[in-house]
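Input: a single structure, listed below in structure tokens.
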Amino acid sequence: MTLPHKSLEAKHLPVMLNEVLKICNPKSGGVFMDCTFGGGGYSKELLKFESVKVVAIDRDNHTIKIANEIKDKFQSRFIFHNKKFSSLDSVASSKFDAIIFDLGLSSIQLDNLSRGFSFKSRDELNMMMGQTNTSAKKAINSLSIKSLKEIIKTFGDEEDASKIAKNIVKHRTINQIKTTDELVSIIKSSKKKNYKKNIDECTKTFQAIRIFVNKEITELIEGIIKASQVLKPGGKLIIVSFHSIEDKIVKFFFKNFSKNKSRANKYFPDMKSNLSLFENYKNKVIKATLSEIKKNPRSRSAKLRFAIRSKDEFMDPKDLREKFKYLTDLEKRIA
Ligand SMILES: C[S@@+](CC[C@H](N)C(=O)[O-])C[C@H]1O[C@@H](n2cnc3c(N)ncnc32)[C@H](O)[C@@H]1O
């Protein structure tokens, strides 16, 4: 497959790079995991410090070319795996000083119109990040009206979810919905005439379908659990998120599985009630500076949280999965 740009990585500006580097503190070396390699923005900066090693992961096979270029330069200090981060434990042969997640899509993916992530595209409805079984086309043409409504409402927070779902089903009974622009016109015809355009009227539905297709909530929950399993004591778990559901999950995890957990003993079995995955958690959200937002508007909605792994042994935080089961169940709807 030919790639759309000569310098792909130049297409994506890493969000809050300085803040991520400051938390990682790579000056005196360390082993880092970059779970969302993308254009390699974080990996490359970390590798500039001589005794740093980076293990990077990305589910998208379009990132292999960029990873190979970095590998040529940094050799054994850099290892790349074309995998989903929900299985990061399978590539962790040692423990890590910091593990970074920069969630969502890269500009490289969004701007490649043939992948169908953007509502500016006129190509096939695809939206698959990689290693996914369901395309957006399959989801849109086969999910029940009830599932479509719930997915668009829950993952997109779209107030007109019901009308959009109804109109999708109405259209597909006549003709299969194949392209991005067909979905765009269905969404537009479903929105109120006086829709206030602070964001494009298609943004929320596209986001919801993308989350469903790539099972992004299940990935996040499993990914952060596995990450806490392979962090060194004192190691940092760093997450940059762009969606309120993602931030809610991260906040819950850090707050309830830290030494100062909000409700003592609630989330671990009685016998181990004094154990924790993280040190005291301050519930602090870091945001991009105004000057970064000017250069990179995508950073406007980014929220960075990090927590420090405690010395305690790992215990599976089952209640994190339980708490958000309604979301992971929604991602299991058959398309
Ligand atoms: C926002 S971009 C990361 C950009 C990167 N930090 C940089 O500076 O270039 C997110 C990347 O994570 C990847 N990704 C998303 N979910 C993933 C998952 N569950 N497993 C592995 N990679 C994932 C996407 O394919 C995308 O390339």
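For the range 203-223, which positions are away from the ligand (no atom under 11 Å from the Cβ), closer than 25 Å to ALA288 by Cα and of a type outside the set (D, E, K, R)?
Initial filter on the range 203-223 (away from the ligand (no atom under 11 Å from the Cβ)): 203-209, 212-213.
Among the residues that remain, those that are also closer than 25 Å to ALA288 by Cα are: 203-204, 206-208.
Residues satisfying the conditions are THR203, PHE206, GLN207, ALA208.
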(message) I want to confirm something. Restricting to the range 149-175 and keeping residues that are outside any helix (DSSP H, G or I) and touching a residue at least 24 places away in the same chain (Cβ under 8 Å), which single residue is surrounded by the most Cβ atoms within 10 Å (Cβ to Cβ)?
(response) GLU158
(request) Would you mind telling me which numbered condition in (1) modelled with pLDDT of 95 or more; (2) surrounded by fewer than 22 Cβ atoms within 10 Å (Cβ to Cβ); (3) away from the ligand (no atom under 12 Å from the Cβ) PHE119 fails? (result) (1)
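Check LEU143, LEU110 and return the single one that is within 14 Å of the ligand (Cβ to nearest atom) and either surrounded by 22 or more Cβ atoms within 10 Å (Cβ to Cβ) or of a type outside the set (S, T, N, Q) (or both). Outline the logic, then answer.
On the way: LEU143 fails: within 14 Å of the ligand (Cβ to nearest atom).
Only one candidate qualifies: LEU110.
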(message) Please go through the range 60-85 and give me each residue that is closer than 15 Å to GLY39 by Cβ, near the ligand (Cβ under 9 Å from one of its atoms) and among the hydrophobic types (A, V, I, L, M, F, W, C), ordered by number.
(response) ILE66
(message) Testing LYS178 on (1) more than 23 Å from ILE245 (Cβ to Cβ); (2) crowded, with 18+ Cβ neighbours inside 10 Å, one condition comes back false. Which one is that?
(response) (2)
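One line per residue, one yes/no per condition, for (1) at pLDDT 95 or above; (2) farther than 30 Å from VAL169 by Cβ:
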| site | (1), (2) |
| --- | --- |
| LEU237 | yes, yes |
| ASN260 | no, yes |
| ARG263 | no, yes |
| LYS272 | no, yes |
| LEU275 | no, yes |
| GLU292 | yes, yes |
| PHE314 | yes, yes |
| GLU331 | yes, no |
| ILE334 | no, no |
(message) Scan the range 186-197 and tell me whether some residue there is modelled with pLDDT under 95, within 20 Å of SER244 (Cβ to Cβ) and not assigned by TED's automatic domain parsing to the domain that holds ILE99.
(response) yes
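Please find, among ILE238, ILE224, ILE211, the residue that is crowded, with 22+ Cβ neighbours inside 10 Å and within 26 Å of ASP160 (Cβ to Cβ).
Matching residue, one of ILE238, ILE224, ILE211: ILE211.
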(request) Tell me, please, whether a residue that is of a type in the set (Val, Ile, Thr) and not in a loop (DSSP other than H, G, I, E, B) can be found in the range 192-202. (result) no
(request) Mind telling me which of the residues LYS44, LYS95 ends up being among the basic types (Lys, Arg) and more than 19 Å from LYS27 (Cβ to Cβ)? (result) LYS95
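The values are calculated or read from the model by the stated rules, or taken from the named source; none is laboratory data. Here the structure is a predicted model, which means the values were calculated and not measured. Ideal geometry is used to build each Cβ from the backbone, glycine not excepted, and the neighbour counts take in all protein chains shown.
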